[in-house]
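What follows is a single structure, written as structure tokens, with notes after it.
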Amino acid sequence: MISPGCQQNGVGCSVHAEVLAIASRPGVRFVGTTNVSAGVATKVPMGLQLVILGYHRSGTSAVTQHLVRAGLFVGDDLLGANTSNPHGHFEDRAFIDIHERIFRENGENWLAPNPFVPIVSREVRNRIRALVGNRDAYHSAWAFKDPRACLFVDMWRTMLSDPHFLICLRHYRACIDSVVRRALAGVSTTTVRHDARLQMLVAADHDAIGRSWIAHMLPLLRLMRHHGDRVHVVDVEHASGSIAADLHTKFGLSLEPVPLAETFDDSIFHSNASADIALSRDVETLAERVWQALLEMARQTGNADELGEAA
């Protein structure tokens, strides 16, 4: 264990070396090129891009809805509303399709219960360049939101011209509880037997969801450690004021200072059922270490306001 007063790379830390070591692993591999960094060096800044990150059921949709009300463009072809997101997902299908293709090419799916280094093909990179170029041509600032992007944050950091990141944090037990509830609701509403079976498998394996939460959070911890000046963190269970105003102050985004309360019902993020989640000791221990590391790193990078300790 690293002692509370130690220094690592000049930054104070009190989390276990195991967490920091995992979070330092490479996050993406590109194929079809011999010099990935060359693509970064030739980028020409065209505007500011905001990537909205967070695990599934972490409040990313509610936060993005708030930012859209404040005037931020997040796409025209958005995933619609459903019973688990009655106000909409605010996810652009073009970005979802890119992430799903990377999953397929790497033999993974949205749950991704174990950390993996995605291999990104030349075809996917070309598709991303075309999509980003189109957005930059028409918008001086724009954003996209997709929980899947947590697993590909290094890819987006290197392929956007001026990337900034908004991280939505929610305690792992609350996330697991919400994912289970969503899966069980899906079982009761689907008429496709295969889909119902898949939803039941998700709902029954709390450890797999817990490992998935860890796998999604480790790239964000790495991002906060090394690029904290481009990151803003929100603990959705303690958020107040105006996130849009905070982003204007920190990143210079021209957004209306819409009060969060106009679009954000924080009561839906307070779960009393997390005690029903059964995690193995190993998963619980590592998830808690990652959670504490995220909170600590957020404070060290200037995101200390309204951060909680637990769900």
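For the reader, a short list of remarks on this structure follows.
- Within segment 275-291, considering residues that are among the β-branched types (Val, Ile, Thr) and in a helix (DSSP H, G or I), the one most open to solvent (accessible area, probe 1.4 Å): Thr285
- Residue within segment 140-149 that is within 16 Å of the chain's Cα centre (by Cα) and of a type in the set (Lys, Arg) present: yes
Let's see how each residue does on (1) in contact with a strand residue (DSSP E or B) (Cβ under 8 Å, 6 or more places away or on another chain); (2) farther than 19 Å from Ile52 by Cβ:
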site: Val132; (1), (2): yes, no
site: Pro147; (1), (2): yes, no
site: Cys168; (1), (2): yes, no
site: Ala174; (1), (2): no, no
site: Val180; (1), (2): no, yes
site: Gly186; (1), (2): no, yes
site: Val192; (1), (2): no, yes
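- The residues of segment 229-245 that are in contact (Cβ under 8 Å) with a residue 24 or more places away in the chain, in a helix (DSSP H, G or I) and open to solvent by 10 Å² or more (accessible area, probe 1.4 Å), listed by number, are Asp229, Arg230.
- Residues in segment 239-260 that are hydrophobic (A, V, I, L, M, F, W, C) and over 22 Å from the mean Cα position of the chain (by Cα): Val258 alone.
- Number of positions in segment 292-311 that are on the phi < 0 side of the Ramachandran plot and either modelled with pLDDT under 65 or assigned to a loop (DSSP other than H, G, I, E, B) (or both): 9
The values are calculated or read from the model by the stated rules, or taken from the named source; none is laboratory data. Keep in mind that what you see is a predicted model, and the values were worked out from it rather than measured. In this analysis, Cβ positions are derived from the backbone assuming ideal geometry, glycine residues included, and neighbour counts consider all displayed protein chains. The area values use the complete protein model at the heavy-atom level, side chains included, leaving out ligands, DNA and RNA. Shrake-Rupley method; radii C 1.70, N 1.55, O 1.52, S 1.80 Å.
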